[in-house]
1. Could you give the length gained by full extension between Glu26 and Lys173, i.e. 0.36 nm per residue of separation minus their alpha carbon distance, to one decimal place?
2. In vacuo Debye scattering of the chain, one point per C-alpha: log10 I(q)/I(0) at q = 0.14 Å⁻¹?
3. Can you work out D for the stretch 1-107 in µm² s⁻¹ from Stokes-Einstein, where Rh is the Kirkwood radius over C-alpha pairs, the temperature is 25 °C and the viscosity is 0.890 mPa s?
4. Which one of Tyr53, Tyr31, Tyr87 has the biggest mean-square fluctuation once the chain is modelled by GNM with Cα springs under 10 Å?
5. For the stretch 106-152, state which trypsin sites (Lys or Arg not before Pro) are in a DSSP loop and have at most 11 other beta carbons lying within 10 Å of their beta carbon.
6. Please give the solvent-accessible surface of Phe98 in Å², to the nearest 10, using a probe radius of 1.4 Å with every protein chain present.
7. Could you work out how far the C-alpha centroid of the stretch 150-206 sits from that of the stretch 30-94, in angstrom?
8. Probe of 1.4 angstrom, ligands and nucleic acids ignored: what's the accessible area per residue over the chain, in square angstrom?
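The values are calculated or read from the model by the stated rules, or taken from the named source; none is laboratory data. Bear in mind that the values here come from a model prediction, so they are computed numbers and not experimental data. Positions of Cβ are backbone-derived with ideal geometry, glycine not excepted, and every protein chain shown enters the neighbour counts. Only protein heavy atoms, including side chains, enter the accessible area calculation; ligands, DNA and RNA are left aside. Shrake-Rupley method; radii C 1.70, N 1.55, O 1.52, S 1.80 Å.
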Amino acid sequence: MLKIKNVSKSYDKKKNAIDQINLEIEPGDIYGFIGHNGAGKTTLLKAIAGIHYFDSGEITIFGKSIVSDSLEAKKLLAYIPDNPDIYEALSGIQYLDFIADAFGVDLQRRRDLIKKYAEMFEISEVLNNPISSYSHGMKQKIVIMSALIHSPKVMLLDEPFVGLDPKASYLLKDVFKELVNKGSLIFFSTHVLEVAEKLCNKVAIIKNGKIVANGRTEDIIKDQSLEHIFIELLQES
């Protein structure tokens, strides 16, 4: 389980970018995280991943504190940023091997998973090419593969569908479902509200650093659409 308890962070010591955030994401959840630009989505994701320090509160990943037991916590998660900024001098396969080595994935398992996902995302033929030659979408696929190669219990993704072609987006949704069926949990930000409505069993909406709605998707939208609920919440003072 991913537990976020009373987490706040300020960049300027005047206003909180995220303010007293409380969320619990359970194994089996595909949890959508929705908000306007600057609402605090990326800040929270980076705090969970241990990239950003936070001023107060607690974040635990299956009981491991991201602050006091960070290495053990990070072994359980994968984080995909909104911009795939990776080592472009490496080839695709070199980068995947680098990540697999970092997480201690044995040779046979990594080869099986690389073959599986490279065929799925149709990039087998370019794995030996330098990443610098890849398009944005191809880089995104390599980053996704690197996140999947150690079978994480927690997947954090910031706008994961940006840059992916429709087929890759469809396949990634299937991968999400496969992971949560095996006991992982997924927490991702998105501006594509239709995807969140159809894919996520739970959603959280953040506005100006505060969670203004969260819970089961069906309970939040009721007989409306997620887009309608989101716009209504943004317009409230």
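1. Values: separation 147, 0.36 × 147 = 52.92 nm, distance 1.81 nm.
This chain segment gains 51.1 nm when fully extended.
2. -0.92
3. On the way: Rh = 15.5 Å.
After rounding, the answer is 159 µm²/s.
4. Judging by the Gaussian network model, the answer is Tyr87.
5. Values: sites: Arg109, Arg110, Arg111, Lys115, Lys116, Lys139, Lys141; in loops: none.
Here no loop site has a sparse enough neighbourhood.
6. Solvent-accessible area, nearest 10 Å²: 100 Å².
7. Value for the Cα centre distance between the two parts: 15 Å.
8. Numbers: 11600 Å² over 237 residues.
Counting only protein heavy atoms, the per-residue value for the chain is 49 Å².
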